[in-house]
Amino acid sequence: MVRIEKVHPLIDIERQRIARRYRSDNRKVGILSLVIAAIFLLILLQFDISRQFVEFSSQYVGSRILLILIYFSALYIVYSLLTLPFAYVEGYSIEHKYGFSTQNRRDWFLDWLKSFVVTYVIGLIVFELIYLIMPVAPTLWWLWLSLIMVGFSVVLANLFPVVILPLFYKSTPLDDDELKERITGLCDKAHIRIRGIFSINLSSKTTKANAAVTGLGNTKRILLGDTLIAKYTTSETLSALAHEIVHYREHHTWWLILWQSMITIFMFYLFHRIQPFVYDWFGFEHVSDIAAFPLFALLFTALSYLFRPLGSALSRFYERRADKGALQLTENPAAFLHLIAKLCNEQLSIAYPSAIVEWYKYSHPSPGKRIAFAETWKQI
């Protein structure tokens, strides 16, 4: 239940009740999907299916590169089909139930196919790197892999706005000259240069609104969701964008890449230390054994959940800095708190989550805290 005495007047109490049902529905599907995936991987290990498949494929394939490709492709296809019903329920059924999705089933499935292909290509590259590096660097594979993953994340950050995003959304140069002028003024005030301001057709898939400064280097650009432009006032839109501009001005993306890189290196090292004991338990002698990948995935997923609070805390730190910078840029706390309240009401965010939930998984401060911060800033 929502604690009514703590709810800000701009927060719709009834929408908060709906928000808790929406988040609960998503959480149930997410947990069930995770459990099914874990059971699938354990079955591959327990019944020796993974090892038998590698041994069978090895009879017909002499190249390790090709063997890795065959194993990953088979595993990826089966896993994707196994989790497709959960993706459908979470991405289509629930989103329609709560009035967010604007897609029909055909369009949703086409997007799923695109995601399937994109994830396959990226996953295959990572998978090949893992199992090609491990045999040639048996003691320092964890370091080389973590460093390569860091470089890979930088490359993806550059490619995302110009290669991946256009596969799902159409973006066009912003044609609102007045809004463009005000955004340019905001950028000038922040002393930053952006290579383009674009509108992105979020409305083709969702009613949710968003804005972002994406890309690195030559791919830097401002993206405004058409839903944001249509449903929010100019002052609210500028507040949302000012938040993103501060992220860019203070190099938050680079800082988060740096911190995440350190976490990744430590996770790989920790995996390296505990791997021999766990692998031996399941009858695998070498970390480079392709058939042991289900165990690799289970262990690394467990480590990821273990370190999630640290990543969340780092993200919240930079989100708070971006909120503060946005208020300084716009000098319009009223627009900012109205923006946060409207986003919370319309997108069914929980304004006042439990402290432990916010600590563990929230990448942003909760909407209630962001509104309170804007009100406090207003009094300074």
Please work out if residue 277 is among the aromatic types (Phe, Trp, Tyr) and surrounded by 14 or more Cβ atoms within 10 Å (Cβ to Cβ). no
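Across the range 65-91, what is the total count of residues that are more than 19 Å from residue 34 (Cβ to Cβ) and not β-branched (Val, Ile, Thr)?
7
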Condition first: assigned by TED's automatic domain parsing to the domain that holds residue 76, surrounded by 20 or more Cβ atoms within 10 Å (Cβ to Cβ) and under 30 Å from residue 40 (Cα atoms). Can you find one or more residues in the range 306-324 that meet it? no
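Need at least 2 residues that are small (Gly, Ala, Ser) per element, so show me which strands (runs of 3 or more DSSP E) inside the range 163-221 make the cut, counting only ones lying wholly within it.
Numbers: elements: 171-173, 197-200, 211-214.
Correct list: 211-214.
Here's a check for you: in the range 358-368, which residue that is in contact with an Asp or Glu (Cβ under 8 Å, 6 or more places away or on another chain) and surrounded by 18 or more Cβ atoms within 10 Å (Cβ to Cβ) is farthest from residue 325 (Cα to Cα)?
Looking only at the range 358-368, we keep the residues that are in contact with an Asp or Glu (Cβ under 8 Å, 6 or more places away or on another chain), and these are 363-366.
Those left that are additionally surrounded by 18 or more Cβ atoms within 10 Å (Cβ to Cβ): 364-366.
Details: 364: 15, 365: 15, 366: 17 Å.
Filtering first and then ranking leaves 366.
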Of (1) assigned to a helix (DSSP H, G or I); (2) of a type outside the set (Phe, Trp, Tyr); (3) within 24 Å of the chain's Cα centre (by Cα), residue 224 fails just (1)
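Can you say whether residue 87 is modelled with pLDDT of 95 or more, under 20 Å from residue 348 (Cβ atoms) and of a type outside the set (S, T, N, Q), as far as the supplied structure shows?
Working: modelled with pLDDT of 95 or more: yes; under 20 Å from residue 348 (Cβ atoms): yes; of a type outside the set (S, T, N, Q): yes.
Here the answer is yes, as residue 87 does meet what is asked.
Just to confirm my filter: which helices (runs of 4 or more DSSP H) fall fully inside the range 1-92 and include at least 1 residues that are within 23 Å of residue 367 (Cβ to Cβ) and free of Cβ contacts under 8 Å to residues at least 60 places away in the same chain? Lay out the reasoning, then the answer.
On the way: elements: 13-46, 49-58, 64-88.
Result: 13-46.
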Set 109, 152, 100: member being closer than 30 Å to residue 49 by Cβ and at pLDDT 95 or above: 109
Could you check the range 336-378 and list, in sequence order, the residues that are in contact with a Leu (Cβ under 8 Å, 6 or more places away or on another chain), among the small types (Gly, Ala, Ser) and modelled with pLDDT of 95 or more? 341, 349
Checking residue 267 against (1) part of a loop (DSSP other than H, G, I, E, B); (2) under 19 Å from the mean Cα position of the chain (by Cα); (3) within 30 Å of residue 54 (Cα to Cα); (4) of a type in the set (A, V, I, L, M, F, W, C), which test does it fail? (1)
Of the conditions (1) crowded, with 16+ Cβ neighbours inside 10 Å; (2) aromatic (Phe, Trp, Tyr); (3) free of Cβ contacts under 8 Å to residues at least 12 places away in the same chain, residue 336 fails just one. Which one is it? (3)
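The values are calculated or read from the model by the stated rules, or taken from the named source; none is laboratory data. Quantities reported herein were computed from a predicted structural model and do not represent experimental measurements. Positions of Cβ are generated from backbone atoms using ideal geometry, with glycine treated the same way; all protein chains shown enter the neighbour counts.
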